[in-house]
Amino acid sequence: MRKIAIIGGTGVYSPEALAGFEEKVITTPYGDALCKLGTLHGNQVVFITRHGVGHSVPPHKVNYRANIWALKSLGTEEIFATTAVGSLNREMKAGHFVVCDQAIDFTKSRVNTFYDTPERGVAHVDFTNPYCSRLRAKVIKCLEKTAIPFHKTGCYVCTEGPRFETAAEIKMFAMLGGDLVGMTNLPESVLAREAEMCYTNCSIVTNMAAGISPTPLSHSEVVEAMAQSGKNMAQLIEAFIADNSEDTETCNCAHCMAEFGGFKL
Ligand code: HPA
């Protein structure tokens, strides 16, 4: 039995496949996390809505540590996260899915580690490759069986938000090698790594980024584009959960904190 978590971003609130899941509030040292628990295709599945009930929590206020801690305490081993993004790359168009392989962190005000107390001590986790190679390969394999337009690699730039970017910022991110811009993949991905869980992201392009888009950006544009991609994402999530075939790639996520005695709840 795989132990899977889905973190649904903007527009991915509760895939139909997870109907009948039990809602449970998981209490953590960082606060509560609302989880939906169930079994699908023989696997334990937990679903978390990143932005809370009714999309009420902005990206810089998401309780990333509570969410990741809750998933760890439920025994989660694999996290599949979705993110809505703007695109800096003209090849990556609205409706395209991107299985990111790199990230650049431009967040400013978020607690980005579990290792910030004397009790836990100091730890420096390896983050050379921010997304799990094993899960990325699985997601790519699932996408290859669909008609969804997608890209196997991409560099995610995470901004602080909640405002959208300036045209100059987007120009700079493109010069740095960014392909996509969003507000939520950091510190979520690094906390999952510290907690020794496999984590992969699948981004959905909702708009061209500021200064590339011919029109001003709006949240409703993002929500509308996500609604159009919702069916595709539901299909991918279900395929990911159903794919219990042998992995084609390996990873070290479950042991990445060995140098520091392993992650402890
Ligand atoms: N910028 C930041 N976050 C986003 C965007 C964007 O253009 N689109 C969707 N999420």
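The values are calculated or read from the model by the stated rules, or taken from the named source; none is laboratory data. In this text, all values refer to a predicted model and were calculated from it rather than measured experimentally. Note that each Cβ is placed from the backbone with ideal geometry, even for glycine, and that neighbours are counted across all protein chains shown. The accessibility values were calculated without ligands, DNA or RNA, using every heavy atom of the protein model including side chains. Shrake-Rupley method; radii C 1.70, N 1.55, O 1.52, S 1.80 Å.
For the chain, what are the DSSP H helices with axial Cα length of 15 Å or more and mean Kyte-Doolittle hydropathy of at least -0.5?
Counting only whole DSSP H runs, the qualifying helices are 133-144, 219-242.
Divide, for the range 11-140, the radius of gyration over alpha carbons by 2.2 N^0.38 Å, where N is the residue count.
Here the Cα radius of gyration is 1.16 times the empirical estimate.
Give me the orientation-averaged projected area of the Cα convex hull of the range 115-233, in nm², one decimal.
With the hull built on Cα positions only, its mean projection is 9.3 nm².
Out of every Cα pair in the chain, what percent are spaced more than 33 Å from each other?
Of all Cα-Cα pairs in the chain, 14 percent lie more than 33 Å apart.
Under 12 Å between alpha carbons, and skipping anything fewer than 8 positions from Lys145 in its own chain: which aspartates and glutamates qualify?
Asp243
Largest first and to the nearest Å, give the Cα extent of the range 211-265 along each principal axis.
That gives 50, 30, 24 Å along the principal axes, largest extent first.
Taking the Cβ-Cβ separation of Asp32 and Val111 as r and a Förster radius of 22 Å, what is the calculated FRET efficiency to the nearest 0.05?
0.85
Under the rule of -39500 (n - 2.57) per DSSP H run of 4 or more residues, summed and divided by the residues of the chain, what mean residue ellipticity at 222 nm is obtained, to the nearest 500 deg cm²/dmol?
After summing the helix terms and dividing by residue count, I get -8000 deg cm²/dmol.
When you count, for each residue, the other Cβ atoms within 10 Å and take the mean per peptide, how do 229-236, 108-115, 123-130 rank with the highest first?
Those peptides, ordered most packed to least, come out 229-236, 108-115, 123-130.
By accessible area of protein heavy atoms, probe 1.4 Å, what ranking do Glu169, Glu188, Glu246 get, highest first?
Result of the area sort, largest leading: Glu246, Glu169, Glu188.
Roughly how many debye, to the nearest 20, is the charge dipole of the chain about its Cα centre, given +1 on each Lys and Arg Cβ, -1 on each Asp and Glu Cβ, and no other charges?
200 debye
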